[in-house]
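Here's the structure, in structure tokens; my notes come after.
The values are calculated or read from the model by the stated rules, or taken from the named source; none is laboratory data. Note that the structure is predicted; figures quoted are calculated from it, not measured. Glycine gets a Cβ as well: all are built from the backbone with ideal geometry, and neighbour counts include every protein chain shown. What goes into the accessible areas is simple: the full protein's heavy atoms, side chains included, and nothing from ligands, DNA or RNA. Shrake-Rupley method; radii C 1.70, N 1.55, O 1.52, S 1.80 Å.
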Amino acid sequence: MDKDIATPVRTRDILEKYGFSFKKSLGQNFLIDTNILKKIVSFANLTEKSGAIEIGPGIGALTEQLARASKKVTAFEIDQRLLPILEDTLSPYSNVKIIHQDVLKADVNAVLAEEMAGIEDVMVVANLPYYVTTPIIIKLLEDKLPIRGIVCMLQKEVADRISANPGTKDYGSLSIAIQYYTEAETVMIVPKTVFVPQPNVDSAVIRLTLRERPAVSVKDETFFFKVTKAAFAQRRKTLLNNLTSQLPNGKEKKEDIITSLTASGIEPSRRGETLSLAEFGRLSDELYKFFQ
Ligand code: SAM
């Protein structure tokens, strides 16, 4: 087996060979610790029948481990300068396909249909570029891809918000948006020292396991997310204050909002951060009668 890409020496050699300079604007912090990479891959529970979708392969450190652990890897990379490097570093692996595209603009469903045809178990596994972690995760979930889940590295602070429970300071509209589609857990905290260059913030790995159906059933998904965003607009305000100031014509519809809160069994003086997903679901359906 070839020497791992993710050792400090081999990574340095590859970067020097190609005269590669990191672009901070693309969130380029490469992993140089094989043990961490193997752990990340183990959280995805891949088998030789699984497919893996990677976002941002960099010089191929994680891609290589995924290629060894699964049947096929398809990776989206935005930076053209990395393509010849990846062709070189991943040449021992015939089951890897690199797609030169911004994942946020990609039709990931179409790519999956083509590249993962016949593969039933597909996971997204990535060390995400930190400047766009949330938009990427939300896009992958909203695209409703036929995947089992997502295992990804991101800023610890965002991981905390994604897996937060009601009643905690980290719980907010992001926790709800992600937990609506998935069961979210932080599975590992990662020190800065395993990256080059080292990021300014601590990192964590989260695992998102797709639910068979959303955590709550609501009349209108878009409106549900609008209500959850409104509820957290100003964290110290009450639910009633946030909803009246954020929902369209909320001030004129204050009585309707109070009626909806009461019908859902929620005190208007409560704060958004105390509501469970089920309570937000009930509230959203009651409000929808007045705001659709
Ligand atoms: N997977 C490698 C590793 O773990 O060492 C590199 C991870 S690095 C944190 C993020 C990678 O994502 C970089 O290679 C960067 O060029 C790429 N990237 C940034 N924005 C992207 C986007 N919108 N779509 C696809 N790739 C992107």
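Put +1 on the Cβ of each Lys and Arg and -1 on the Cβ of each Asp and Glu in the range 77-125; which of Val124, Ala113, Ile78 then has its Cα farthest toward the positive end of the dipole? Towards the positive end, the residue furthest out is Ile78. Put the Cα centre of the range 211-288 next to the Cα centre of the range 51-128 and the gap is 39 Å. So what's the angle, to the nearest 10 degrees on a 0 to 90 scale, between helix 8-18 and the longest Cα principal axis of the chain? Compared with the principal axis, the helix lies near 80 degrees.
Listed values for the range 52-64 are Karplus-derived 3J(HN,Hα) couplings in whole Hz (6.51 cos²θ - 1.76 cosθ + 1.60, θ = phi - 60°), namely 10, 10, 10, 10, x, x, x, 9, x, 4, 7, 3, 4, and x replaces Gly and Pro. Between the Cα long axis of helix 133-142 and the first principal axis of the chain there is an angle of about 70°, rounded to the nearest 10. Per residue, the average separation of C-alpha pairs within less than 8 Å and at least 6 apart gives the chain a relative contact order of 15 percent.
Solvent exposure of the chain, expressed per residue, is 47 Å² of accessible area, with all protein chains present and a 1.4 angstrom probe. Amide H contacts of Met188: Val205, each under 5 Å away and 5 or more positions distant or on a separate chain (H built 1.01 Å from N in the peptide plane; Pro and chain starts excluded). Accessible surface of the range 8-210, 1.4 Å probe: 51 percent of it comes from carbon and sulfur atoms.
In the range 189-236, a dipole from Cβ-located charges (positive for Lys and Arg, negative for Asp and Glu) runs towards its positive end, and of Leu210, Pro197, Val227 it is Val227 whose Cα lies farthest in that direction.
The heavy atoms of Leu83 present about 50 square angstrom of accessible area, all protein chains included, probe 1.4 Å. For the range 39-44, putting each phi into the Karplus relation 6.51 cos²θ - 1.76 cosθ + 1.60 with θ = phi - 60° gives couplings of 5, 4, 5, 5, 5, 7 Hz, in residue order, rounded to whole numbers and with x for Gly and Pro. The charge dipole of the chain, taken about its Cα centre with unit charges on the Cβ atoms of Lys, Arg (+1), Asp and Glu (-1) only, comes to about 720 debye.
Beyond 19 Å in Cα-Cα separation lie the following of the pairs Lys105/Lys229; Lys105/Lys139; Lys49/Lys97; Lys226/Lys251; Lys219/Lys254; Lys71/Lys192: Lys105/Lys229; Lys219/Lys254; Lys71/Lys192. Within the range 56-77, which residues have the backbone N less than 17 Å from the label spot 7 Å out from Glu120 along Cα→beta-carbon, could you tell me? So the set is 71-72.
Distances between placed amide hydrogens fall under 5 Å for Lys72 paired with Ala52, all partners being 5 or more residues away or on another chain. Structure remark: mean-square fluctuation, Gaussian network model of the chain, C-alpha springs under 10 Å; the largest value among Thr168, Thr186, Thr209 belongs to Thr168.
Under a 5 Å amide H cut-off, with hydrogens placed 1.01 Å from N, Phe30 pairs with Val196 among residues at least 5 apart or on other chains.
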